[in-house]
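Working notes, beginning with the structure itself.
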Amino acid sequence: MKNPREILQENNPFSSHAQPDPWVNQFPTISSINGDAFTHITSIIAYKQKHPHDPVGILVNGEAGSGKTNMIARIREYCQSTSFDVKFSTIRPIINYNAPIQHLFHGIITNLSHPLKDSFRFTQIHAMLFSMISEYINQKEEYRKLFQPFKDNPEKFFTHFSEHEKERNILYNQVQTWIIDKIPDIDHLFIRLLFACGDKDLFHPARNRLLGQIADPDDASLLNIPFKELSEAEAEDEASTFLKSLGLLLTFLNQCLIVCFDQLENLYTGEHQRSFGLMNQIILNETSAILPLAFMRTLYWERFEEILDRSVVDKIGMNQVDLRGCTEEQITEIITSRIRTVFPDTWNMLTDWLIPQVLRELSSRGKYPSPREVISTANTIIRMKDEKGTTKEIPLPSPDQVIRSAWVQEHDQVLSDLDAWPPDYEQITSALQIYLQSHRVAFTCTRESRKNIITINHTSKNCRIIINTNSNHSSIGSGFTKGIQYLTNNPGSLCLYLTDPRCIVTKPTWTQTNQKREEFLAAGGRIIQPSEGEIARFYALYSLVCKVNEGDIQIETIHGLRPIIRDELSAYVGNKEAFPSLIPAIPAGVPGKVPIDIPSQEKHEKVDSKMREITDNAVHTALCTILYSRPMHIMRADILVQSLQENGISMTYDELIIWCGRHPAAYKIIPNQQGSLIIATGKGPICKDSS
């Protein structure tokens with residue numbers, strides 16, 4: 001029989017101390033940790049909800065590992081406990097500082113349109129629509145009885161009306177007219193697009209149009225709005241108008257929106273820091289019912305104070321919250337919660353073995369440890385102690401080992417929740433720049449309207465990469481035109497058009513765009529549209545760099561923990577054996593070499609066609625058969641892929657992570673040093689019967 005150390009080593013719940021995306025619940029949050037800080041934050045949220053026009057903000061201070069990102073996840077859970085009467089959003093670091101309001105509104109809409117827990121279709125936008133409809137129904141006595149079955153069940157309401165289009169459209173038009181009458185200053189287009197999101201067939205084009213993108217006149221006709229291609233200046237103005245309209249609507253509904261700014265150490269230039277200030281200026285001075293929270297390392301705020309407008313500094317800094325270390329009881333809670341998640345049947349025995357050793361080790365340091373220190377100490381004890389508590393001589397991890405583990409976890413996290421990572425040409429460009437810099441490849445980057453162009457100059461062959469995730473036909477056609485011009489002027493060079501697999505490249509009705517596409521391909525250009533697993537590598541690399549810049553990826557040394565530095569990450573990414581090329585057409589060190597292989601787009605189509613043949617029911621059944629035959633219903637994802645194949649289900653590792661991420665009620669994805677662990681929770685419709 002295995003001893004506790006061996007059991008914990010096999011499925012180590014402490015191998016990762018990085019906090020995932022706030023939308024991903026890997027381990028339970030510990031309510032007592034920074035409980036006073038959380039109570040203070042929620043009291044200000046309640047105040048903002050009652051006083052929507054009062055310009056207040058919150059500054060959350062804490063060192064790396066003190067629980068800043070965990071606090072954001074707790075705030076999201078708090079918003080969920082209000083049935084999202086308090087709306088939630090988190091904003092990633094801005095890349096293009098020339099479009100701060102677009103970046104802000106893009107982040108807000110990404111979060112408002114993110115599927116809520118255990119739901120494929122229901123989002124915070126739907127919650128907002130339901131609130132408007134409920135308010136309207138309350139004013140109309142003749143509708144109250146008909147509405148009664150849906151009163152406390154918005155998902156049932158939207159499911160029902162998805163099958164009754166005529167009645168839905170009549171109701172939506174009546175509520176829109178009523179809202180516009182009640183809020184005269186609200187933008188009519190903004191309201192129309194919100195209600196279009198309530199139609200499952202229009203959700204994606206409506207969301208894209210909220211973000212300033214429209215594919216073509218056909219999509220505009222579907223949405224019943226004018227077709228207009230916005231300039232950068234017009235898009236920035238419209239984002240501002242929509243943001244103010246959102247504030248007006250939330251104020252009318254007695255609701256509010258939380259905007260969490262995290263990873264602010266990535267705003268390393270004055271221009272980026274000033275763009276952060278402009279985002280907060282419009283929130284604090286021009287909108288209502290929106291509450292900004294800035295999460296920063298202690299003393300880092302001083303850098304912003306020197307640059308930002310005084311009104312922003314005063315309003316955000318008026319409510320400062322400090323995150324602190326853990327008490328003995330909280331240390332015990334962290335360890336117990338993690339072990340109980342992975343080992344629901346044997347957690348008592350395992351915590352009895354581990355907790356005393358962790359407490360003993362931490363008490364010798366004479367301070368209140370951060371949550372990260374607790375997790376790291378538990379991991380060290382599991383790795384370096386035998387069953388008698390004797391220290392074993394295990395080599396300390398190398399930077400490459402730590403980065404590889406962090407990289408795998410980041411990739412799987414992004415892949416399991418791609419809804420949190422909508423197509424973004426800026427993030428793709430940033431990842432590609434990091435990759436090329438790590439390989440010491442000389443390149444230039446040109447930013448054009450809603451697309452970026454990277455030009456690689458190499459002794460053997462030059463290469464241009466056009467990065468575009470805009471769905472507009474003119475933008476796509478313009479990209480192909482740029483490629484044709486480059487190939488014409490630079491014979492023998494390579495040109496790639498790179499986009500996200502969730503983006504369209506063309507439609508049959510786009511005559512001019514299709515002609516340009518054919519000319520681009522005939523001139524030797526290539527369209528690179530990676531699979532979801534491949535594009536997740538771009539977003540994961542971008543995200544990992546942000547975490548390294550924050551000091552969130554740490555390594556254990558003989559002198560204690562220290563953060564991984566950017567040079568170590570570059571060395572890892574620059575190692576072609578450790579980190580495969582982001583774009584197969586550009587092998588490391590040979591930018592011009594093109595492999596003789598089928599295009600990435602065709603590979604993606606073949607993989608997708610295979611996936612479409614596998615039903616959810618078949619995957620559920622096979623997973624439950626495998627996992628419920630195992631102790632604790634847990635298995636490493638790579639091993640689970642092999643077991644699925646033996647049960648007649650052919651899925652890649654990436655496809656399994658995507659699938660489990662789309663079924664969070666039935667499966668939990670837990671980080672592990674060797675990759676991800678998949679746990680059957682017994683909450684799914686099939687697994688429930690199998691347990």
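Throughout, read-outs are computed from the coordinates displayed, never taken from laboratory work. Everything numeric here is computed off the predicted structure, so don't read it as measured data. FYI the Cβ positions are ideal-geometry reconstructions off the backbone, even for glycines, and counts take in every protein chain you see.
I need Val414, Val24 ordered by Cβ neighbour count within 10 Å, fewest first.
Lowest to highest Cβ neighbour count: Val24, Val414.
Kindly rank 662-671, 28-37, 300-309 from highest to lowest mean number of other beta carbons found within 10 Å of each residue.
662-671, 28-37, 300-309
Cα centroid distance between region 140-159 and region 262-330, in Å?
Cα centroid of region 140-159 versus Cα centroid of region 262-330: 41 Å apart.
Can you tell me the length gained on complete extension of the stretch Glu234 to Arg297, counting 0.36 nm per residue apart and subtracting the Cα distance?
This chain segment gains 19.1 nm when fully extended.
Given H placed 1.01 Å from N in the peptide plane, which residues other than close sequence neighbours of Val60 have an amide H under 5 Å from its amide H?
Here Ala294, Phe295, Met296, Val321 satisfy the definition.
Over the alpha carbons of region 614-690, what is the largest minus smallest coordinate on each principal axis, giving the biggest first in Å?
31, 23, 23
If you look at just the Cα atoms of the chain, how large are its Rg and its Dmax in Å?
Reported Rg and Dmax, both Å: 25.8, 77.
Between Lys151 and Ala220, what length in nm is gained on full extension when 0.36 nm per residue of separation is reduced by their alpha carbon distance?
Once the chain is fully extended between Lys151 and Ala220, it gains 21.6 nm.
Return a whole-number percent for the relative contact order of the chain, with Cα pairs under 8 Å and 6 or more residues apart as the contact set.
17 percent
Compute the relative contact order of region 158-242 as a whole-number percentage, counting only Cα pairs closer than 8 Å that sit 6 or more residues apart in sequence.
21 percent
Compare the peptides 266-278, 329-341 by average per-residue count of other Cβ atoms within 10 angstrom and give them in order, highest first.
By packing density, highest mean first, the sequence is 329-341, 266-278.
Would you kindly state how much longer the chain becomes between Glu306 and Glu165 on full extension, computed as 0.36 nm times their sequence separation minus their alpha carbon distance, in nm to one decimal?
Here the segment from Glu306 to Glu165 would lengthen by 45.3 nm.
Among 629-641, 172-184, what's the highest-first ranking by average C-beta atoms within 10 angstrom per residue?
Ranking the peptides 629-641, 172-184 by packing returns 629-641, 172-184.
Taking neighbour counts of Cβ atoms within 10 Å as a proxy for exposure, in what order, fewest first, do His53, His106, His204 appear?
Ascending number of Cβ neighbours within 10 Å: His53, His204, His106.
Hey, can you grab everything whose amide H is under 5 Å from the amide H of Ala665? Only 5+ residues off in sequence or another chain; H modelled, so Pro and N-termini drop out.
Hits under the 5 Å cutoff: Asp118.
Sort Arg447, Arg372 by Cβ crowding within 10 Å, fewest neighbours at the top.
If I rank by nearby Cβ atoms, fewest first, I get Arg447, Arg372.
Under the rule of at least 5 residues apart or a separate chain, name every residue whose amide H is placed under 5 Å from the amide H of Ile555.
Arg562, Ile564
Mind scanning Lys451/Lys668; Lys451/Lys547; Lys200/Lys228; Lys50/Lys244; Lys48/Lys140; Lys48/Lys156 and naming the pairs with a C-alpha gap bigger than 27 Å?
Among Lys451/Lys668; Lys451/Lys547; Lys200/Lys228; Lys50/Lys244; Lys48/Lys140; Lys48/Lys156, the Cα-Cα distance tops 27 Å for Lys451/Lys668; Lys48/Lys140; Lys48/Lys156.
Once Rh for region 149-254 is found with the Kirkwood sum over Cα pairs, what is the Stokes-Einstein diffusion coefficient at 20 °C and 1.002 mPa s, in µm²/s?
Taking Rh from Cα pairs, D becomes 144 µm²/s.
For the chain, what is the percent of antiparallel DSSP beta bridges, rounded to the nearest 5?
The antiparallel fraction comes to roughly 50 percent.
What distance in nm lies between label points placed 7 Å from Cα along the C-beta direction at Gln645 and Gln401?
2.8 nm
List, in order, the whole-Hz ³J(HN,Hα) value for each residue of region 240-253 obtained from phi through the Karplus relation with A = 6.51, B = -1.76, C = 1.60 and θ = phi - 60°; use x for Gly and Pro.
Once rounded to whole Hz, the list reads 5, 4, 5, 5, 5, 5, 4, x, 4, 5, 4, 4, 4, 8.
Less than 14 Å Cβ to Cβ from Ile565, Lys/Arg counted +1 and Asp/Glu -1: what total charge do the surrounding residues give?
Taking every Cβ under 14 Å from that of Ile565, the sum is -3.
Just the number, please: percent antiparallel of the DSSP beta bridges in region 397-597, rounded to the nearest 5.
65 percent
For Ser474 and Asn98, FRET efficiency with R0 = 25 Å and r from the beta-carbon atoms, rounded to 0.05?
Plugging the Cβ-Cβ distance into 1/(1 + (r/R0)^6) gives 0.75.
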